[in-house]
Amino acid sequence: MQTKVVKDIQAVAFDLDGTLVDSVPGLALATQRMLTDLKLPSVTSEQVKNWVGNGIDVMLERVLSAINVTLSTDQLADAKNLFNHHYDAVIDQETKLFPHVKETLSILQQNNYPLALVTNKPKQFLPALLKSLGIDSYFSLVLGGGDLIKLKPHPAPIYQVLATFGLFNNQLLFVGDSKNDIDAAKNANCPTVGLTYGYNYGVSIATSEPDFLLDDFKEILTLLPLPKLG
C-alpha cells in the first residue's frame, strides 16, 4: 500500500453512496414502503446495505431474490416506479454526509482541484440531493446512472471524467468504497482510494487492493500537495 504524496494528481473523482453519503436509511425505507405497497415480505436495512452499489435495477433484483419473488416485466416496472416514488419522498431527509466530507471537498476546491462525482445512482435524484446536502457547488462534473450506457465497474464513466477534464489516467485520483469503484478506476488505469467505512456488499474493501486504504475521508488530504489548508 502506497503512503507517499501523489504529485501527478490534478483532479479527484468520487463515488457517492458509501463514500460521500450514508444513503442506506433512505434506500431501505423506500424499499420497505415499496414492498408494503406490493403486499410482499419486507427486508432489513442491513440487508439493503449489502445490496447497494450497482444501481437501482440490480438492487431491486437482489431484494426480490432475497424474498424469493419473481415479477413479470410489467410488474417489475411498476415496482421500480413505486420505489422511485417513495425514494424521492425520503431521499433528502434520510441521506446524510459522512464525517469530514464537506470540509475536505472545500479544501480540495480551494486548492484548485477539479472534482467529479461518478455514481451508479439514477441521475434524476442527484441535483436536488446534492443541493440539499450543500455540496452541489463543489463538483465540476456529475455523472449518474443514465448519463452513460455503462455503469461502474465499466471504465466508461472514468474515461468521461478524463476527457472532460483533459487529463491522463495517472492524473485522476478516484475515491470509492466498493469493488465496483476500485475496478472501474483500475480498468481506466487511474490510482485509487478505498474507504473502509463504506458498504462494499459486506466485504472489506482491502480485498479489492486499492492503491490507498483510508479510514477517514479527510485523510485524502494527506495524499496531495496542498499549499492552502483552509
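Per-structure values
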| read-out | value |
| --- | --- |
| First in segment 64-79 and closer than 21 Å to A28 by Cβ, second anywhere and surrounded by 15 or more Cβ atoms within 10 Å (Cβ to Cβ) and small (G, A, S), Cβ under 8 Å, 6 or more apart | L64/A79; L71/A79 |
| Criterion violated by Q110 - all others in (1) more than 21 Å from G145 (Cα to Cα); (2) touching a Leu at 6+ places or on another chain (Cβ under 7 Å) satisfied | (2) |
| Some residue of segment 64-72 being farther than 15 Å from S23 by Cβ and under 18 Å from the mean Cα position of the chain (by Cα) | no |
| Sole residue being under 16 Å from G55 (Cβ atoms) and out of contact with any Leu (no Cβ under 9 Å at 6 or more places or on another chain), chosen from K131, K150 | K150 |
| Any pair with Cβ under 8 angstrom, 6 or more apart, that starts in segment 201-230 at a residue that is farther than 23 Å from K102 by Cα and modelled with pLDDT of 90 or more and ends at one that is hydroxyl-bearing (S, T, Y) and surrounded by fewer than 16 Cβ atoms within 10 Å (Cβ to Cβ) | S204/T196; A206/T196 |
| Pairs, first at positive phi in segment 87-108, second crowded, with 20+ Cβ neighbours inside 10 Å, C-beta under 8 Å, six or more apart | H100/F217 |
| Extreme residue, surrounded by the fewest Cβ atoms within 10 Å (Cβ to Cβ), among residues of segment 165-191 that are of a type outside the set (F, W, Y) and in a loop (DSSP other than H, G, I, E, B) | G166 |
| Filter pass, L82 being touching a Lys or Arg at 6+ places or on another chain (Cβ under 9 Å) and surrounded by 14 or more Cβ atoms within 10 Å (Cβ to Cβ) | yes |
| Whichever residue in segment 119-134 is of a type in the set (A, V, I, L, M) and touching a helix residue (DSSP H, G or I) at 6+ places or on another chain (Cβ under 6 Å) and, among such residues, is farthest from V58 (Cα to Cα) | L130 |
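The values are calculated or read from the model by the stated rules, or taken from the named source; none is laboratory data. Predicted model only: the values in this text are computed from it and were never measured. Every residue, glycine among them, receives a Cβ derived from its backbone with ideal geometry; neighbour counts consider all protein chains shown.
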